[in-house]
Amino acid sequence: PRGAIIIADMKGVVVVTNNATGAALPAASVQAGKILFDGHTVKTTGKGSSIVLLLSNGTVTTLKADSVLNIKKFTQAKFDAGATKLSELEGEPSASETLIDLNIGDMVVDIKKLDKKSNFNIESPVGTAGIRGTQFGMAFSPKRGMSLDVTESTVSFKPRGGGQERMVPAGRGLTAPPKGPPTQRPVNP
């Protein structure tokens, strides 16, 4: 079953396109409170533009200005939410599989502790970040490459095209230039 992606908040110019057709969704479908599913690309354009997405597994993703995020896959096992709010959960309510692609720009992600059967991967043109349940920020630009800053837990990073997987713990960052090996660094508080 497909997981739901709720538009929690948005500012400025945000365009959502259907990956299969390439057509932009009508503006009435792209506003706070509306629901998206996988198979869509979200683009924020211009200074001050942003969108906050709440996934039904409890993950909150904030896509900052001048960014493009392709939601390739988001599935989640059925669950009975009852009266519980997603914001009150310590872990996700059921197993999920998430694959998103940060084409360009900046995003901040807060992920609930993932179920043992779950996976959450963020691709970029230089590699893939495999998330285990954490808070982190990730950015990509063609000139500077990718930067990953981990504030809680651990994120794995695997360079595109192969190479050694690296574990990035809390308080550390990783810079992956467009060419050359990735390097770890302390996170700037």
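The values are calculated or read from the model by the stated rules, or taken from the named source; none is laboratory data. What you are looking at is a predicted structure, and each value in this text was computed from that prediction instead of being measured. Note that we place each Cβ from the backbone using ideal geometry, even for glycine, and neighbour counts take in every protein chain shown. Surface areas here come from the heavy atoms of the whole protein model, side chains and all, with no ligands, DNA or RNA. Shrake-Rupley method; radii C 1.70, N 1.55, O 1.52, S 1.80 Å.
List of remarks:
- So T17, is it of a type in the set (V, I, T), modelled with pLDDT under 95 and more than 20 Å from V155 (Cα to Cα): no
- One residue from I131, I122, I71 being crowded, with 17+ Cβ neighbours inside 10 Å and more than 28 Å from V13 (Cα to Cα): I131
- Check on S50, hydroxyl-bearing (S, T, Y), farther than 15 Å from E97 by Cα and open to solvent by 10 Å² or more (accessible area, probe 1.4 Å): yes
- When S156 is tested against (1) closer than 19 Å to K64 by Cβ; (2) part of a strand (DSSP E or B), only condition (1) is not met.
- Restricted to the range 32-44, and to residues there that are part of a strand (DSSP E or B) and open to solvent by 60 Å² or more (accessible area, probe 1.4 Å), the residue that is nearest to A77 (Cα to Cα) is I35.
- Taken over the range 13-31, the residue count meeting the criterion of being open to solvent by less than 60 Å² (accessible area, probe 1.4 Å) and either part of a loop (DSSP other than H, G, I, E, B) or touching a residue at least 40 places away in the same chain (Cβ under 8 Å) (or both) is 4.
- Just one of the numbered conditions (1) without any contact (Cβ under 8 Å) to a residue 24 or more places away in the chain; (2) touching a Pro at 6+ places or on another chain (Cβ under 7 Å) is not true of T75: (1).
- Some residue of the range 80-93 being hydroxyl-bearing (S, T, Y) and outside any loop (DSSP other than H, G, I, E, B): yes
- Some residue of the range 134-151 being of a type outside the set (A, V, I, L, M), in contact with a Lys or Arg (Cβ under 9 Å, 6 or more places away or on another chain), outside any loop (DSSP other than H, G, I, E, B) and more than 25 Å from P178 (Cβ to Cβ): no
- Filter result (within 15 Å of D110 (Cα to Cα) and open to solvent by less than 10 Å² (accessible area, probe 1.4 Å)) within the range 134-178: T134, F136, M138, L148, V150, V155
- Of all residues in the range 1-12 being in a strand (DSSP E or B) and open to solvent by less than 20 Å² (accessible area, probe 1.4 Å), the one that is farthest from F74 (Cα to Cα): I7
- Unmet requirement for T183, which otherwise passes all of (1) of a type in the set (V, I, T); (2) open to solvent by less than 70 Å² (accessible area, probe 1.4 Å); (3) at pLDDT 90 or above: (2)
- Subset of the range 12-66 (residues that are more than 30 Å from D80 (Cα to Cα) and among the acidic types (D, E)): D66
- Taking the criterion of being surrounded by fewer than 18 Cβ atoms within 10 Å (Cβ to Cβ) and at pLDDT 95 or above, the only residue of the range 104-119 that qualifies is I104.
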